[in-house]
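*Asks:* One structure is given below, represented as structure tokens, and several questions about it will come after.
The values are calculated or read from the model by the stated rules, or taken from the named source; none is laboratory data. Remember, predicted model here, so these are calculated numbers, not experimental data. Virtual Cβ from ideal backbone geometry, glycine too; neighbours counted across all protein chains shown.
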């Protein structure tokens, strides 16, 4: 829920674009009198009704003469709706749109996004943005997606089972993690429940080793699961997965891992901290007995790499309200509203410098610590097609079932390469 190139050229381009916009004033045709309407599309579930109401009232108070119209969108089918807005077709319009951080590349390929490099540098503190959000929104050094919020996986653990195994503090390195999990894996108790196809977790282990899922070389994307660094990440996944009874041929939703954990005989799962609420709902006896820690890294100095999910904000090139759209983003990414959103929704703020605002929330604090090492999937507009076929899942199951890792990885890498390089 990443890579920047040609930064100097991008900034120069942005400066030129800004100068051109200044010349035309950036106002809509209806700005001669009365209120101007600015439309913000947010995705269902991203922010509470109360947050939206308070933000809207504050924004309109700070910007007299502007009516902010917030429209909630469903994730299903959103790609076609956004593309229609970017193309100026379909009858709907928006001035600011929330999109998934890994979706930006496909919208850049489609065309119609406004470049926001200069505003990011000058107004929004882009040097402190979480890379897992900012890098997917940057294409060839030009920034199109502005980080809004992040969410990533942490380790949720059963405090009673840890205490019973004599573990007083959560592990901070892979070596400590394996040693603790071995102590916890005994009898009917699972040291960790890790399904065989949780490829987001595998991606983090691969990144920790210095590998990647795919890389771009001379404009061509190539799958790299068969790289020795990526293979090392898979080997660690196999070692950890073997310290529990997670199914080798299923992901974390089959069955839902929160339900398995709620039975009380699983010491750890890897999940967004929000799953704690699902666990407690399924087994109220576990309330107050759940803890959180960042996925450990190779050394104690920093947490492990994690896949960063979350949202970016984009501005369609065809908007007649670009200046006001910039004002909306300026407000949404301000410290005030980043703090409000993070505390209301238990998200990670968009900047490393704001991680402290969730210190009172154990789950969100663990997530924020891990987010500093956040990454995203390859910035190919066709990565969604890879996920649809998901050769990574099949590869993981093959290895866990005893197939030669290098052979299985080569097969998966070839599929990734073919999908990313094929013409649509």
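*Asks:* If residue 52 meets every condition in (1) surrounded by 13 or more Cβ atoms within 10 Å (Cβ to Cβ); (2) modelled with pLDDT of 95 or more; (3) out of contact with any strand residue (DSSP E or B) (no Cβ under 6 Å at 6 or more places or on another chain) apart from one, which number is that one?
*Replies:* The number of the failed condition is (3).
*Asks:* Taking residue 140 as meeting all but one of (1) in contact with a helix residue (DSSP H, G or I) (Cβ under 9 Å, 6 or more places away or on another chain); (2) surrounded by fewer than 16 Cβ atoms within 10 Å (Cβ to Cβ); (3) at pLDDT 95 or above, write down the number of the exception.
*Replies:* Against the list (1) in contact with a helix residue (DSSP H, G or I) (Cβ under 9 Å, 6 or more places away or on another chain); (2) surrounded by fewer than 16 Cβ atoms within 10 Å (Cβ to Cβ); (3) at pLDDT 95 or above, residue 140 comes up short only on (3).
*Asks:* Could you check residue 270 against (1) in a strand (DSSP E or B); (2) in contact with a strand residue (DSSP E or B) (Cβ under 7 Å, 6 or more places away or on another chain); (3) at pLDDT below 95 and say which number it fails?
*Replies:* (3)
*Asks:* Pairs only if they're at least six apart or on different chains, beta carbon under 6 angstrom, first in segment 377-390 and under 12 Å from residue 415 (Cα atoms), second assigned to a helix (DSSP H, G or I); list them, first residue then second.
*Replies:* Pairs that qualify, where the first residue is under 12 Å from residue 415 (Cα atoms) and the partner is assigned to a helix (DSSP H, G or I), are 385/419; 386/416; 386/419.
*Asks:* Within segment 218-231, does at least one residue satisfy the condition of being under 20 Å from residue 298 (Cβ atoms), buried (at least 24 other Cβ atoms within 10 Å of the Cβ), assigned by TED's automatic domain parsing to the domain that holds residue 416 and out of contact with any strand residue (DSSP E or B) (no Cβ under 6 Å at 6 or more places or on another chain)?
*Replies:* Of the residues in segment 218-231, the ones under 20 Å from residue 298 (Cβ atoms) are 224-225, 227-231.
Checking the rest, the ones that are also buried (at least 24 other Cβ atoms within 10 Å of the Cβ) come to 225, 230.
Imposing the further condition that a residue be assigned by TED's automatic domain parsing to the domain that holds residue 416 reduces the set to 225, 230.
Subset that is out of contact with any strand residue (DSSP E or B) (no Cβ under 6 Å at 6 or more places or on another chain): 225, 230.
There is at least one residue in segment 218-231 that is under 20 Å from residue 298 (Cβ atoms), buried (at least 24 other Cβ atoms within 10 Å of the Cβ), assigned by TED's automatic domain parsing to the domain that holds residue 416 and out of contact with any strand residue (DSSP E or B) (no Cβ under 6 Å at 6 or more places or on another chain).
*Asks:* In segment 35-143, which strands (runs of 3 or more DSSP E) lie fully inside it and hold 1 or more residues that are closer than 28 Å to residue 220 by Cα and assigned by TED's automatic domain parsing to the domain that holds residue 350?
*Replies:* In segment 35-143, the matching strands (runs of 3 or more DSSP E) lie at 96-100.
*Asks:* Next up: Residues that are farther than 30 Å from residue 53 by Cα, within 21 Å of the chain's Cα centre (by Cα) and buried (at least 18 other Cβ atoms within 10 Å of the Cβ): does segment 317-337 have at least one?
*Replies:* For segment 317-337, residues farther than 30 Å from residue 53 by Cα, within 21 Å of the chain's Cα centre (by Cα) and buried (at least 18 other Cβ atoms within 10 Å of the Cβ): absent.
*Asks:* Assess whether residue 166 counts as being part of a loop (DSSP other than H, G, I, E, B), buried (at least 17 other Cβ atoms within 10 Å of the Cβ) and assigned by TED's automatic domain parsing to the domain that holds residue 246.
*Replies:* On the way: part of a loop (DSSP other than H, G, I, E, B): yes; buried (at least 17 other Cβ atoms within 10 Å of the Cβ): no; assigned by TED's automatic domain parsing to the domain that holds residue 246: yes.
Judged against the criteria, residue 166 is not a match.
*Asks:* Out of 301, 259, report the one residue that is loosely packed, with under 15 Cβ neighbours inside 10 Å, at pLDDT 95 or above and assigned to a helix (DSSP H, G or I). Lay out the reasoning, then the answer.
*Replies:* Numbers: 301 fails: assigned to a helix (DSSP H, G or I).
Exactly one residue qualifies, and that residue is 259.
*Asks:* Also, quick follow-up: What residue, of 365, 277, is in a helix (DSSP H, G or I) and under 28 Å from residue 197 (Cβ atoms)?
*Replies:* Details: 365 fails: under 28 Å from residue 197 (Cβ atoms).
Exactly one residue qualifies, and that residue is 277.
*Asks:* Can I ask one more? Consider only pairs whose beta carbons are under 6 Å apart and that are at least six residues apart or on different chains; among these, list those whose first residue lies in segment 74-85 and is loosely packed, with under 11 Cβ neighbours inside 10 Å and whose second residue is not in a helix (DSSP H, G or I).
*Replies:* 74/44
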